[in-house]
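Presented below is the structure to which this report refers.
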Amino acid sequence: MMKVKIFTEGGPDIGLGHVSRCTALYDEIRNANYEVVLFVYGDIKGSELLKNRKCISINWINEKVLHENVCSDDVCIVDSYVAPKGILEIMSMKARKVLFIDDMNRINY
């Protein structure tokens, strides 16, 4: 079964817009019977948005963390306005496929 991993950021100091969008994606992917995990960089303790979802609160904007959590069979979705280009390039090299959501068109992919 294909694994989908969604990476975003959110919390009291960052906002929850990206988390909200990513939980909608999460639900659709899960409803299509794929295994899905949401990785959130930020303080998300007690967030109602994440109830009943497999979610990991972790600083995924870190090379070591990516190497530990992204495999060559993974399909990744990244919804971030803080991840640097170098981290996104690592993810692109490690994962099977990556979809970037970039509201600000801040990086030339």
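The values are calculated or read from the model by the stated rules, or taken from the named source; none is laboratory data. Here the structure is a predicted model, which means the values were calculated and not measured. Cβ placement follows ideal geometry from the backbone for every residue including glycine, while neighbour counts extend to all protein chains displayed. Surface accessibility is based on the protein's heavy atoms, side chains included, excluding ligands, DNA and RNA. Shrake-Rupley method; radii C 1.70, N 1.55, O 1.52, S 1.80 Å.
This table checks each residue for (1) touching a strand residue (DSSP E or B) at 6+ places or on another chain (Cβ under 9 Å); (2) among the charged types (D, E, K, R).
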residue	(1), (2)
Asn52	no, no
Ser57	yes, no
Glu68	no, yes
Lys85	no, yes
Glu89	no, yes
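When restricted to residues that are within 23 Å of Thr23 (Cβ to Cβ), part of a loop (DSSP other than H, G, I, E, B) and open to solvent by less than 40 Å² (accessible area, probe 1.4 Å), the range 100-109 contains 1. What do you reckon, is Ala83 under 23 Å from Asn31 (Cα atoms) and of a type in the set (A, V, I, L, M)? No. Taken residue by residue, the range 80-101 has no member that is touching a Gly at 6+ places or on another chain (Cβ under 9 Å) and not polar (S, T, N, Q).
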